[in-house]
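Working notes, structure below.
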Amino acid sequence: MDMELIFEVRDAEEGGYCAHALGHPIFTEADKWEELRANVLEATALHFEDGPAYPRLVRLYYKAR
């Protein structure tokens, strides 16, 4: 199964970014975009480590206010 995981990214009220996965209980945040990307990949790996499938693609969708 080729699963694609999409994270909706928004500006955090206190600065930086927050991201949550659509359809999965995965949430992370960071001050800088590069840090957010790393956090998203780490959170994804932790969430799917014991599962039967792992997303083949992880996308970040920035939603401007």
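No lab work stands behind these numbers, since they all come straight from the coordinates. Keep in mind it's a predicted model, so treat the numbers as computed, not measured. Note: ideal-geometry Cβ built from the backbone for every residue, glycine included; neighbour counts use all protein chains shown.
Brief remarks on what is shown
- Working from Cα pairs under 8 Å separated by at least six residues, relative contact order for the chain is 43 percent.
- Computed lengthening from residue 10 to residue 62, 0.36 nm per intervening residue step minus Cα-Cα distance: 18.1 nm
- Per-residue [θ]222 nm for the chain (sum of -39500 (n - 2.57) over DSSP H runs n ≥ 4, rounded to 500): -8000 deg cm²/dmol
- Quotient of Cα Rg and 2.2 N^0.38 Å for the stretch 8-65, N being how many residues it contains: 1.12
- Residue exposure sequence - 27, 48 - by fewest surrounding Cβ within 10 Å: 27, 48
- Label-point gap, in nm, between residue 31 and residue 49 - each point 7 angstrom along Cα→Cβ: 2.6
- Packing-based order for 7-19, 52-64, using average beta carbon neighbours within 10 Å, highest first: 7-19, 52-64
- Among beta bridges that DSSP assigns inside the chain, antiparallel share in %, nearest 5: 60
- Against the chain, whose longest principal axis comes from its Cα atoms, helix 33-48 is set at around 30 degrees.
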